[in-house]
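Read the figures in this text as sums done on the coordinates, not as results from a lab. No experiment lies behind these values; they were computed from the predicted model shown. FYI the Cβ positions are ideal-geometry reconstructions off the backbone, even for glycines, and counts take in every protein chain you see.
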Amino acid sequence: MAEFLTALPSLFIETKESGSVSVTIKRYDYQGVKHQREKKRLERARNDGEEGAIHLLVDSLSLGDKEYATLVRAATPKKKLSTLVAPADLDAFLARYHGLLLANVDTIKKNERLRKKKYAAKRLAARKARGAREKKAKLKKQSPAAAAAAAAAVAPDA
């Protein structure tokens with residue numbers, strides 16, 4: 001677990017200019033591992049005649065239905081990392097992982113759509129301000145009586 005957390009920042013740094021890091025976190029399924037272990041041990045037990053002892057050993061290795069380990073993988077096109085986190089260590093791991101993400105958040109690219117929306121909002125605000133300035137300039141050029149009437153029509157009611 002500690003090796004994974006120390007190697008993960010190097011993946012973020014390697015892909016800072018170009019590339020991406022994909023991180024997956026999922027529950028680790030012991031069924032495949034248990035099945036392979038049980039199959040091997042049962043074959044040995046049949047050869048040795050200790051089938052009952054092997055079943056006890058397999059039962060002692062099996063986990064309860066409520067707690068599972070967590071498999072965490074991080075990958076770039078060139079490098080892959082993975083680790084298994086025990087249920088008891090999961091909170092500590094996620095806290096450290098969260099800290100790593102916050103420290104490397106500057107490498108995450110901003111969404112292009114969000115940039116376009118902000119730029120469009122700025123342009124609209126500038127357009128409105130320019131229109132208001134042009135109206136004021138136009139009012140100054142008019143006669144004083146016409147300017148007062150137009151200003152009264154443009155001014156919001158208080």
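Brief remarks on what is shown
- Sorting the segments 122-135, 13-26, 81-94 by their residues' average number of neighbouring beta-carbon atoms within 10 angstrom, most packed first, yields 81-94, 13-26, 122-135.
- Residue pairs exceeding 30 angstrom between C-alpha atoms, taken from 26/78; 16/117; 117/138; 118/140: 117/138; 118/140.
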